[in-house]
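Before any comments, here is the structure.
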Amino acid sequence: MITRVLSRTHLGLPITAFDFGSQGKKILILGGIHGDEIEGVACAKAILASFMENYPYPLQVTIIPEANPDGCLMNQRTNSRGVDLNRNLPTKDWSAEIKSERYHPGPSPLSEIENQALVQELKNNYHLVLSLHSWKPVINVNGNCLKEAEVLAKFTGYSIDQDIGYPTPGCLGTYAGLERNIPTITYEIERGQKIDQVIKMHPPAIYEMLKTL
Ligand SMILES: [Zn+2]
C-alpha cells in the first residue's frame, strides 16, 4: 500500500489517498465528500482496513476515505468554508445560485481545495469512480457503469437510478461520469443505518463488484 497526501484543507488537515495494486484497471473509492454522511466514511474505512490485511484483486484501487476531512471532523455536510463540494465542481451546469446553505456552490467553480485535489486525482485515467454517500438507499449511475451498479444492486437490494430526480449542478457524477467519460457510481447508503450493519452489508457488495472488473 502506498499512502499519498493529495492536499491540505482550509483547517490544515491532510486529504489522504491509499493505493493498492500495481497493475490493472484503476478504480477510485471516495467517502466523506459530505462530512456528515458517516455511513459512507465507515464503508470506505472498512474496505481500507480489509485491503490492508489482504488485497486480492488484479486492479489498482485508490481509496480516499475522507474527501472532505474538515466536514468529517465538524460533522457537517459542507467543508469548513461552508461549501457543498458536490455542487462546486467545474461542470457545464455549475450555478452560483445559493438554493440553501446546505447546497452552497462556493464563490466560483472549483474554488475549494478539496475539489482541486479531487480534479487533479481524476486525471489519473480512472476506469470507475465509486463515491459513497448516505441518503435514501439508491445507486446512482453516471456514464457507462450500469453493469457494475447491477452487481451492487443485486447484493444490497438497492434500486438503480440513472437520474437522481432533482438538479445537482457541479456534482461529481456530472463532472466525471457525464463530462469526462469516467463512469461514476454515487452509492447512497441508507442514512442512519447502524455502522456495524453498514460494515456488514456494503463492503461485501463492493468486493463482488470489484471481482467483475
Ligand atoms: Zn452526500
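So which of 92/136; 136/200; 123/200 end up more than 21 Å apart, counting from Cα to Cα? Before the final figure, lay out each step's value.
Working: 92/136 27 Å; 136/200 18 Å; 123/200 32 Å.
As for pairs spanning more than 21 Å Cα to Cα, those are 92/136; 123/200.
May I ask for the net charge around residue 190, where only other residues with Cβ less than 9 Å from the Cβ of residue 190 are counted and Lys, Arg are +1 while Asp, Glu are -1?
On the way: positive: 136, 191; negative: 39, 188.
That works out to 0.
HN-Hα J couplings of the stretch 189-204 from phi, Karplus 6.51/-1.76/1.60, θ = phi - 60°, integer Hz, Gly and Pro as x?
6, 4, 4, x, 4, 4, 4, 5, 6, 4, 6, 6, 8, 8, x, x
Restricting to Cα pairs below 8 Å that are 6+ residues apart, what does the relative contact order work out to for the stretch 2-211? Please round to a whole percent. Intermediate values should be presented prior to the final figure.
Details: 482 pairs, mean separation 49.1, N = 210.
After rounding, I find 23 percent.
Rounded to a whole number of µm²/s, how large is the Stokes-Einstein D of the chain at 37 °C and 0.692 mPa s, given Rh as the Kirkwood radius over C-alpha pairs?
On the way: Rh = 16.9 Å.
Stokes-Einstein gives a translational diffusion coefficient of 195 µm²/s.
What ranking do 192-201, 31-40, 49-58 get when scored by the average of other Cβ atoms within 10 Å per residue, highest first?
Put in order of decreasing packing, that is 31-40, 192-201, 49-58.
How big, in percent, is the set of alpha carbon pairs in the stretch 1-126 lying more than 25 Å apart?
On the way: 1959 of 7875 pairs.
Percent of Cα pairs beyond 25 Å in the stretch 1-126: 25.
I need to check one value: relative contact order of the stretch 149-210, counting alpha carbon pairs closer than 8 Å and at least 6 residues apart, in percent. Walk me through the numbers on the way to the answer.
Numbers: 28 pairs, mean separation 28.8, N = 62.
Reported relative contact order: 46 percent.
What does the charge add up to near residue 170, with Lys and Arg as +1, Asp and Glu as -1, over the other residues with Cβ less than 12 Å from its Cβ? Mind dumping the intermediate values first?
On the way: positive: 87, 92, 99; negative: 84, 93, 97, 112, 179.
So the surrounding residues net to -2.
Would you calculate a helix-derived [θ] at 222 nm for the chain, using -39,500 (n - 2.57) for each DSSP H run of n ≥ 4 and dividing by the full residue count, to the nearest 500? It would help to have the intermediate numbers written out before the result.
Numbers: 5 runs with 59 residues, N = 213.
That comes out to -8500 deg cm²/dmol.
Per residue of the stretch 58-74, what does 6.51 cos²θ - 1.76 cosθ + 1.60 with θ = phi - 60° give for ³J(HN,Hα)? Whole Hz please, x for Gly and Pro, Karplus curve as stated.
Ordered by residue, 3J(HN,Hα) equals x, 9, 10, 10, 10, 10, 10, x, 10, 6, 10, x, 5, x, 5, 5, 8 Hz.
We did not get these values from a lab; they are worked out from the coordinates using the rules stated. Note that the structure is predicted; figures quoted are calculated from it, not measured. Backbone-built Cβ (ideal geometry, glycine too); neighbour counts: all protein chains shown.
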